[in-house]
Amino acid sequence: ALLCFKKERDQIKLVLSDVVLPDRSGLQLVESLKKQNPDIHVILTSGYTGEKSNLNLIMKRGYRFLKKPFAISDLLSGIAKELGKI
């Protein structure tokens, strides 16, 4: 994701990431991306609850969060809201 973003950062407007990733947290990933582009929009998602989801920190940082499982309509609505179209 980081390599792709580095190559295409001007084309990427929104990042959708799971909170739990193999090599870091999704929160760490998006904060790294935000350093490169502070205007990037973020939606984080997880099926975990409690401490593993980092929900309190996600909310504190102001990132949009979708709990898994979610309907495609919820995803599309979240994307539209995050991009400021609603």
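The values are calculated or read from the model by the stated rules, or taken from the named source; none is laboratory data. On a predicted model such as this, the values are computed, not experimentally measured, just so you know. No Cβ is skipped: glycine too gets one built from the backbone with ideal geometry, and neighbour counts run over all protein chains shown. These area figures cover heavy atoms from the full protein model, side chains too; ligands, DNA and RNA do not enter into them. Shrake-Rupley method; radii C 1.70, N 1.55, O 1.52, S 1.80 Å.
Some points to look at:
- Checklist (1) over 26 Å from Leu3 (Cα atoms); (2) open to solvent by less than 60 Å² (accessible area, probe 1.4 Å) applied to Ser73, failing item: (2)
- Positions within the range 10-52 being among the hydroxyl-bearing types (Ser, Thr, Tyr) and either open to solvent by 80 Å² or more (accessible area, probe 1.4 Å) or in a loop (DSSP other than H, G, I, E, B) (or both), in sequence order: Tyr48, Thr49
- Of the residues making up the range 53-70, those that are among the basic types (Lys, Arg) and exposed (fewer than 13 other Cβ atoms within 10 Å of the Cβ) are Lys60, Lys68.
- Among the conditions (1) among the hydrophobic types (A, V, I, L, M, F, W, C); (2) closer than 16 Å to Glu82 by Cβ; (3) touching a helix residue (DSSP H, G or I) at 6+ places or on another chain (Cβ under 9 Å), Leu57 misses just one, which is (2).
- For the condition among the aliphatic types (A, V, I, L, M), under 13 Å from the mean Cα position of the chain (by Cα), loosely packed, with under 14 Cβ neighbours inside 10 Å and closer than 23 Å to Asp10 by Cβ, Leu83 qualifies.
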